[in-house]
Amino acid sequence: MYGMVNKAIEEMVCKHHGKPAWEQIKERAGVDVPMFVSNEGYEDAITYQLVTAASELTGAPASQILEAFGEHWILHTAREGYGDLMDAGGDNLPQFLKNLPNFHTRVIMMFPNLQPPQFEVSEVKDHSLHLHYRTHRPGLESFVVGLLKGLGKLFQTPVQTRLIESRSAGADHDVFLVEW
Ligand code: HEM
């Protein structure tokens, strides 16, 4: 994944726990990278190792860390660093969700080697929809939950999510019921 992902994890950790905690996480993860560069590619394994080390050091489950990271990604990384892209995604939560399938197409223009997730929406109603999430990467459903929570906060629209079909339970892909 692009370095901006690991950089964002670093920012989140430093903001809440300080730089020494980040150095400890990197050391435990066996990650010997002095500084991540946003537009350089890194092995996905590095990101997973950082999340696992953060989980071991804090005692919080990895799912909780991924969820917190999802919120941080929307409310800080995306909002502060890529405001124009976020603005182009829509003016309110339902609109943004309906546009989500095309979102990373614009991101690819800035990061050409992006391997983005695929989103699809179905069952669109006035206050809910099904969000289909496909990726070759395992175990990131809690990240998506956090992203959706972050979007709810961004648009000041309380949102509830429920995983109704899960790859880890044998389904073809993850499906979230999103209600607002
Ligand atoms: C301006 C905002 C955004 C930028 C710049 C961005 C960029 C990226 C980047 C660089 C990656 C790592 C993949 C790679 O390097 O190959 C990624 C992954 C991902 N993005 Fe975005 N993204 C943005 C917004 C969003 C939003 C709004 C969502 C959904 C609500 C989202 C969902 C995801 C997910 C779930 C992944 C994890 C990778 C996977 O599932 O395979 N992103 N994105």
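The values are calculated or read from the model by the stated rules, or taken from the named source; none is laboratory data. Predicted model, so just to flag it, every value in this text is computed and none were measured. In this analysis, Cβ positions are derived from the backbone assuming ideal geometry, glycine residues included, and neighbour counts consider all displayed protein chains. SASA here: full protein model, heavy atoms, side chains in, ligands and nucleic acids out. Shrake-Rupley method; radii C 1.70, N 1.55, O 1.52, S 1.80 Å.
Residues in region 142-164 that are of a type outside the set (Phe, Trp, Tyr), open to solvent by less than 50 Å² (accessible area, probe 1.4 Å) and touching a residue at least 40 places away in the same chain (Cβ under 8 Å): SER142, VAL144, VAL145, GLY146, LEU147, LEU148, GLY150, LEU151, GLY152, LEU154, THR157, VAL159.
If we scan region 32-44, do we find a residue that is closer than 20 Å to VAL144 by Cβ, within 16 Å of the ligand (Cβ to nearest atom), open to solvent by 50 Å² or more (accessible area, probe 1.4 Å) and modelled with pLDDT of 95 or more? No: region 32-44 contains no residue that is closer than 20 Å to VAL144 by Cβ, within 16 Å of the ligand (Cβ to nearest atom), open to solvent by 50 Å² or more (accessible area, probe 1.4 Å) and modelled with pLDDT of 95 or more. Screening LEU100 with (1) within 14 Å of the chain's Cα centre (by Cα); (2) open to solvent by less than 30 Å² (accessible area, probe 1.4 Å); (3) under 30 Å from ALA21 (Cβ atoms) gives one miss only, at (3). HIS76 falls short on exactly one of the conditions (1) more than 19 Å from PRO116 (Cα to Cα); (2) open to solvent by 60 Å² or more (accessible area, probe 1.4 Å), and that condition is (2). Can you report the number of residues in region 127-146 which are under 14 Å from GLU179 (Cα atoms) and near the ligand (Cβ under 7 Å from one of its atoms)? Final tally of qualifying residues: 0.
Considering (1) open to solvent by 70 Å² or more (accessible area, probe 1.4 Å); (2) assigned to a helix (DSSP H, G or I), the lone condition that HIS136 does not fulfil carries the number (2).
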